[in-house]
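This report refers to the structure that appears directly beneath it.
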Amino acid sequence: MASVTSLSDSVHQRLAAALSAALPQAGSADPLLRRSDRADFQANGILALAKKEKANPRELATQVVAQVESGGLLEDIEVSGPGFLNITVSDRAITENLSARYADDTGRLGVPRAENPGTTVIDYAQPNVAKEMHVGHLRSAVIGDAVVQLLEFTGENVVRRHHIGDWGTQFGMLIQYLDEHPHELDHGSAEVSGEEAMSNLDRLYKASRKLFDSDEEFKTRARRRVVDLQAGDEKTLAMWQKFVDESKIYFFSVFEKLDMEIRDADIVGESGYNDMLAETCRLLEESGVAVRSEGALCVFFDDIKGPDGKPVPLIVQKSDGGYGYAATDLSAIRDRVFNLKADSLIYVVDARQSLHFKMVFETARKAGWLNDDVKAYQLAFGTVLGKDGKPFKTREGETVRLVDLLDEAIDRASAVVREKAQDLSEEEIAERGAQVGVGAVKYADLSTSANRDYKFDLDQMVSLNGDTSVYLQYAYARIQSILRKAGEVRPAAHPELELHAAERALGLHLDAFAETVTEAAREYAPHKMTAYLYQLASLYTTFYDKCPVLKAETPQQVENRLFLCDITARTLHRGMSLLGIRTPERL
Ligand code: ARG
């Protein structure tokens, strides 16, 4: 019997199931089915099985060929070489499978939802209060957002946490300064734009820093203010809140430019764990996980040593009683595991913080907060480099402001859109320019695997050719234009039709969308989705070159090709939206 299939099974999965069922010890061996150049698929698993069973691989392969029940799936299956199987699937199977995906009225294209979803807390998009966002904050936001979308699409419960830097000694300085210069944050109108809010803060920060460095008495007053803040002094807290609120206006404006939804309730900064810090330290000290060393509370590790061979500890509490970044992160773990009931914790943070997270996670494991059922993972990302291969800087050698970078991308993209545009108004050009520009930046960031550095090259990013979002967006818009031209003729699947080689290649790839989503989500690997989409657009281009759509030979063929066009468009749209990238209907 052919195995029972569900809508979400691809031709590939159905074939693998049919082969497994035909193997001796059905189900226990993997047929190792791969796409192949010679036929649609090649199965290599029989070699290993024959070895295990001490059987002749070619004989075993012949036996499988005789026994396989394909339920209309197979066009051709033959034994080749030492015992491989070359398999061609039927045109009908491809079209029927795609037709089922197309008919999925939830818009999920047959992508299954996890049966037993877990709860993931993801820490991403974490700028710092009273500081401008720079290019380093781009990656965490973009990668984090894509992983959120991918996970949610597969049915996972996702809790977002924006662990903003809103606590620490610099706030003593800022608050004291504002207290002494009360009108510095005033602005004429009630409505403040994000940029304006940040330029106010920036001015204040610079002025307070200057005073702090030049005036000893101010320095003393500023230090006292930190103590007040940590002790929860009401007036000090109210002023601190003002900084946070002002910064949030700015953060929201940058995230909006990034075309990304950030919710206020998900912003739980370092300050949010303040009440847990003492308890975290007590638990670590009582359990012996942390020990006092020269007055500081420290955790030591066997495998973490400095260049001098001495162990490097994680400092949970400083000798002056102050708590730092580690205490906050350990408290956040307790909150995420015990209050939010997470079973996976993801941290989308720069690879340069890897040692910190390694130590924090190891400490949490020693304390029993993390274990085999509750795991933490740093989705570490590499550095954004300039064209010269060095960390990206402005010509003046300063870190690049995220807004400037986005504005430039939008400018460049608008120029590209304007050049190609035939019937777009200025307003439309501006809107598309933003969608193309921001999409280009996101795509370039997502299409290299996160842990690698990449070069920020706007010329390449907004290019119409090659592995760019613009190429994918144009493919999508071109399909929409064909569908409009088709007028009354609607896309419809005709499984009885024979397919062109280019249609088969496109169809089999379209059919693999669900597996790609599942894999990209499971591995927190958005770059697997970009690679899939790029290949999809390339296969579509080949199909379009080889197979006339509106001028196909028969009305059925026109409808079937329109159907292939439409399901390609829907797949592109869905895949891109999982990456936070828009697909304009016209370009
Ligand atoms: N605000 C930090 C920075 O700008 C990133 C925070 C990362 N998250 C965390 N839980 N430590 O570098």
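Nothing in this text is a laboratory measurement; each read-out follows from the coordinates by a stated rule. Predicted model, so just to flag it, every value in this text is computed and none were measured. Counting neighbours? That spans all protein chains shown, and the Cβs are built from the backbone with ideal geometry, glycine included.
For the reader, a short list of remarks on this structure follows.
- In the stretch 11-89, Rg over Rh equals 0.92, where Rg is the alpha-carbon radius of gyration and Rh the Kirkwood radius from pairwise Cα distances.
- Applying a DSSP loop filter and a limit of 14 other Cβ atoms within 10 Å to the trypsin sites (Lys or Arg not before Pro) in the stretch 210-271 leaves 263.
- Alpha carbon Rg of the stretch 1-133, scaled by the compact-globule rule 2.2 N^0.38 Å: 1.45
- Environment charge at residue 371 (Cβ cut-off 12 Å; Lys +1, Arg +1, Asp -1, Glu -1): 0
- Kirkwood radius for the stretch 382-461, taken over all pairs of different Cα atoms as the inverse mean of 1/r, rounds to 13.5 Å.
- Whole-Hz Karplus values for the stretch 213-223 come out as 6, 10, 10, 4, 5, 5, 4, 4, 5, 5, 5 Hz, taken residue by residue from phi with 6.51 cos²θ - 1.76 cosθ + 1.60 and θ = phi - 60°; glycine and proline positions read x.
- Normalised by 2.2 N^0.38 Å, with N the number of residues, the alpha-carbon radius of gyration of the chain equals 1.16.
- Pairwise Cα separations in the stretch 294-423 fall into 10 Å bins from 0 onward with the following percentages, short to long: 10, 27, 24, 20, 12, 5, 1, 0.
- Here the stretch 165-304 is treated as a sphere whose radius is the Kirkwood value from Cα pairs; by Stokes-Einstein at 4 °C and 1.567 mPa s it diffuses with a coefficient of 74 µm²/s.
- Residues with amide H under 5 Å from that of residue 455, placed H, sequence gap 5 or more: 385
- For the stretch 40-103 and the stretch 520-587, distance of Cα centres in Å: 27
- The base-10 log of I(q)/I(0) for the stretch 464-587, evaluated at q = 0.16, 0.21 Å⁻¹, reads -0.75, -1.21 [Debye formula, identical scatterers on Cα atoms, solvent excluded].
- Mean separation of Cα contacts under 8 Å, 6 or more apart, over the residue count of the stretch 464-587: relative contact order %: 44
- Between residue 393 and 386, the built amide H atoms are under 5 Å apart, and every one of these is 5 or more places off in sequence or on another chain.
- Taking every DSSP bridge with both residues inside the stretch 41-160, close to 70 percent are antiparallel.
- Couplings 3J(HN,Hα) of the stretch 355-364, computed from phi: 5, 4, 5, 4, 5, 5, 5, 5, 4, 5 Hz, in residue order, whole Hz [Karplus 6.51 cos²θ - 1.76 cosθ + 1.60, θ = phi - 60°; x for Gly and Pro].
- Couplings 3J(HN,Hα) for the stretch 541-547, derived from phi with the Karplus relation 6.51 cos²θ - 1.76 cosθ + 1.60 (θ = phi - 60°), are 4, 4, 4, 5, 5, 8, 10 Hz, where x marks Gly and Pro.
- Proximity of backbone amide H atoms, modeled 1.01 Å from N, is registered between residue 159 and 120, 121, 122 at under 5 Å, excluding neighbours fewer than 5 places apart on the same chain.
- Against the empirical curve 2.2 N^0.38 Å, the C-alpha radius of gyration of the stretch 356-409 lands at a ratio of 1.83.
- Bridge type composition, the chain - antiparallel percent by DSSP, nearest 5: 55
- Structural descriptor for the chain: relative contact order 15 percent, calculated from alpha carbon pairs under 8 angstrom and at least 6 residues apart.
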